[in-house]
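Visitor: Dropping the structure in here first, questions after.
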Amino acid sequence: MAPAGSRNLISDVSGLRVGNAHDRALRSGVTVVLMESPASASVDVRGGGPGTRETRALDEAGVTPAIHGLVFSGGSAFGLDAATGVQSYLREQGAGFAVGPIRVPIVPQAILFDMLNGGDKAWGKRPPYQDLAFAACETADAEFALGNAGAGFGATTERMKSGLGSASALDNGFTVGALAAVNAAGNATIGPSKHFWAAPFEVGDEYGGHGTPEVWPADALEPRLKGVAGENTTLCVVATDARLDKPQLKRLAIMAQSGLARAIYPVNTPLDGDIVFALSCGSKALGDPVRDLARLGALTANTLARAIARAVFEARAYERAPSPPAYRDLFAMD
């Protein structure tokens, strides 16, 4: 098993910072990923109902060589305003592609649906997500909160409260990291048990150390789904310090999608908008472009599975009703 990085966060990949901002009354928020230098990027979408912005810029045929930031937001389509807040912040910092005298930051985004979680969504003239995103940029750091934080603040699974999760791994001279806002239609735990689907990939006791069940629940493989179409998604980004071009990053994103299948059951349903972004933030060359990329992809999928499990493990129930139970409530943890 590859060890985690020093923080066990996506920011163990050098050059990345993450910022969160949320509103407790709103029960929604924004998570931003900022880069010290523009990063090569790609994306893979598997869910049936994604909500995105600027993802076409990541196509292999696209002319955009790199991005300057990435945003996950609650608020469904209303949350797509968040990327504007990140662009405003980055422009103030002088970041962006130069078009004559103008700097234009490229900031892809994906959103999740948290509109029916009991929060006060009567925001008036305009949604608050642009301002939340700007605030998240101002707090961006290598250390950041998990669970009820940022885009994960309003997230749930079929059974319980969910949130924001992250993990990292070191292997063969490379670092990989993953970040996920988990608002899945399915579940991260095996039936009604305390055991995570991602248990085989756990490093230490990062999500309880419970392993797999000695006796599997009889209904473990019964598909249970939350809500209706358009209400669910798992938003993910994986990153590495390996130097990868767009086709290689596309393959990394595709392989990383296996991490969702290792951590959530069922997954990639018509009810979800599951998406994985992939970032290359370093200059370490692959020794063997085929074998090293295959190994890196397998490691990245495992790391993403761990980040998803941590999102559920670190979440807490809301302070006031209505609220689904949190993992720690169901299994009597402090």
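Taken together, the values in this text are just the output of simple stated rules run on the coordinates, not laboratory data. Since the structure is predicted, the reported quantities are computational estimates derived from the model, not experimental observations. Cβ coordinates were reconstructed from backbone atoms using ideal geometry, including for glycine residues, and neighbour counts include every protein chain displayed.
Visitor: Given +1 on the Cβ of Lys and Arg, -1 on the Cβ of Asp and Glu, and no further charges, what dipole in debye does the chain carry about its Cα centre, rounded to the nearest 20? Write down the numbers at each step before the final one.
Guide: On the way: 30 positive and 34 negative charges, 88 e Å.
Its charge dipole is roughly 420 debye.
Visitor: Using Cβ counts within 10 Å as a stand-in for footprinting exposure, how do THR55, THR234, THR300 rank, fewest first? Don't skip to the end; give the middle numbers.
Guide: Numbers: THR55 19, THR234 34, THR300 28.
Going from sparsest to densest Cβ surroundings: THR55, THR300, THR234.
Visitor: Let me ask another. Determine the shape class of the stretch 64-158: with a ≥ b ≥ c the square roots of the Cα gyration tensor eigenvalues, call it rounded for a/c under 1.5, and otherwise prolate if a/b is greater than b/c, oblate otherwise. Let's see the in-between values first.
Guide: Details: a/c = 2.21, a/b = 1.76, b/c = 1.25.
In terms of gyration-tensor shape, prolate.
Visitor: Run through the stretch 1-77 and list the GluC sites (Glu not before Pro) located in a DSSP loop whose Cβ has at most 13 other Cβ atoms within 10 Å. Intermediate results must be reported in sequence, preceding the final value.
Guide: Details: sites: GLU36, GLU54, GLU60; in loops: GLU54, GLU60.
Here the GluC sites (Glu not before Pro) that fit, given the DSSP loop and packing criteria, are GLU60.
Visitor: Moving on to the next point. Which percent of Cα-Cα pairs in the stretch 250-334 sits in each 10 Å bin, short to long?
Guide: Calculated P(r), rounded to whole percents: 15, 35, 28, 16, 6, 1.
Visitor: Over all directions, how big on average is the projection of the convex hull of the alpha-carbon atoms in the stretch 191-334, in square nanometres? Write down the numbers at each step before the final one.
Guide: On the way: hull surface 43.3 nm².
It is 10.8 nm².
Visitor: Computed over the Cα atoms, what is the radius of gyration of the stretch 80-131 divided by 2.2 N^0.38 Å, N being its residue count? Don't skip to the answer; put the middle values down first.
Guide: On the way: Rg = 14.4 Å, N = 52, 2.2 N^0.38 = 9.9 Å.
Normalised Cα radius of gyration, the stretch 80-131: 1.46.
Visitor: Another one. Between the stretch 199-217 and the stretch 21-92, what is the C-alpha centre distance in whole Å?
Guide: 32 Å
Visitor: Across the chain, how many lysine pairs, 8 or more apart or on two chains, come within less than 25 Å at their alpha-carbon atoms? Don't skip to the answer; put the middle values down first.
Guide: On the way: LYS121/LYS161; LYS121/LYS226; LYS161/LYS194; LYS161/LYS226; LYS194/LYS226; LYS246/LYS284; LYS250/LYS284.
Counting lysine pairs in the chain gives 7.
Visitor: Once R0 is set to 45 Å, what does the formula 1/(1 + (r/R0)^6) return for the Cβ-Cβ distance between ARG91 and ARG320, expressed as a FRET efficiency to the nearest 0.05?
Guide: Working: r = 38 Å, r/R0 = 0.85.
With R0 = 45 Å, the Cβ-Cβ based efficiency is 0.75.
Visitor: Would you calculate the convex hull of the Cα atoms in the stretch 10-327 and tell me its volume per residue in Å³? All intermediate terms of the calculation are to be shown ahead of the outcome.
Guide: Numbers: hull volume 39.3 nm³, N = 318.
Given the Cα convex hull of the stretch 10-327, per-residue volume reads 124 Å³.
Visitor: Moving to a separate point now. Who wins for biggest fluctuation among PRO127, PRO217, PRO266 in a Gaussian network model of the chain, springs between alpha carbons below 10 Å?
Guide: PRO217
Visitor: While we're on this one: Filter the GluC sites (Glu not before Pro) in the stretch 190-264 down to the DSSP loop ones having no more than 10 other Cβ atoms within 10 Å, then list what survives. Don't skip to the end; give the middle numbers.
Guide: Values: sites: GLU202, GLU206, GLU214, GLU231; in loops: GLU202, GLU206, GLU214, GLU231.
Taking the stretch 190-264 and a limit of 10 other Cβ atoms within 10 Å, the loop GluC sites (Glu not before Pro) found are GLU214.
Visitor: Looking at LEU9, ALA95, SER193, which one has the Cα that reaches farthest to the positive end of the dipole of the chain (charges on Cβ: Lys, Arg +1; Asp, Glu -1)?
Guide: The residue sitting most towards the positive pole is ALA95.
Visitor: For TRP216, TRP197, which order do you get if you count the other beta carbons within 10 Å of each Cβ and list the fewest first?
Guide: Numbers: TRP216 13, TRP197 22.
Fewest-to-most ranking of TRP216, TRP197: TRP216, TRP197.
Visitor: Among PRO127, GLY165, VAL276, whose Cα sits farthest toward the positive end of the charge dipole of the chain (+1 at Cβ of Lys/Arg, -1 at Cβ of Asp/Glu, about the Cα centre)?
Guide: PRO127
Visitor: If R0 is 45 Å, what FRET efficiency do you get for GLU214 and SER14 from their C-beta distance, rounded to 0.05? Walk me through the numbers before you get to the answer.
Guide: Values: r = 41 Å, r/R0 = 0.91.
The computed FRET efficiency comes out at 0.65.
Visitor: Over the chain, what is the relative contact order in percent, taking alpha-carbon pairs closer than 8 angstrom and at least six residues apart? Provide the component values of the computation, followed by the final result.
Guide: Numbers: 953 pairs, mean separation 82.8, N = 334.
That works out to 25 percent.
Visitor: Using the Cβ atoms and a cut-off under 14 Å, what net charge is assigned to the surroundings of PHE97, where Lys and Arg are +1 and Asp and Glu are -1?
Guide: On the way: positive: ARG91, ARG103; negative: GLU54.
So the environment of PHE97 carries a net charge of +1.
Visitor: Mind checking the stretch 271-334 for trypsin sites (Lys or Arg not before Pro) that DSSP puts in a loop (not H, G, I, E or B) and that have at most 10 other Cβ atoms within 10 Å?
Guide: On the way: sites: LYS284, ARG291, ARG295, ARG306, ARG310, ARG316, ARG320, ARG328; in loops: ARG316, ARG320.
Answer by residue number: ARG320.
Visitor: If packing is taken as the average count of other Cβ atoms within 10 Å, what order do 165-172, 39-46, 242-249 fall into, highest mean first? Provide the component values of the computation, followed by the final result.
Guide: Details: 165-172: 23.9, 39-46: 22.4, 242-249: 19.8.
Answer by packing, highest mean first, reads 165-172, 39-46, 242-249.
Visitor: Relative contact order, percent, of the stretch 52-112 when contacts are C-alpha pairs under 8 Å separated by at least 6 residues?
Guide: Numbers: 94 pairs, mean separation 28.8, N = 61.
Rounded, it is 47 percent for the stretch 52-112.
Visitor: While we're on this one: If you average the sequence gap of Cα pairs under 8 Å that are 6 or more apart and divide by the length of the stretch 132-201, what percent do you get for the contact order?
Guide: On the way: 90 pairs, mean separation 16.0, N = 70.
The value is 23 percent.
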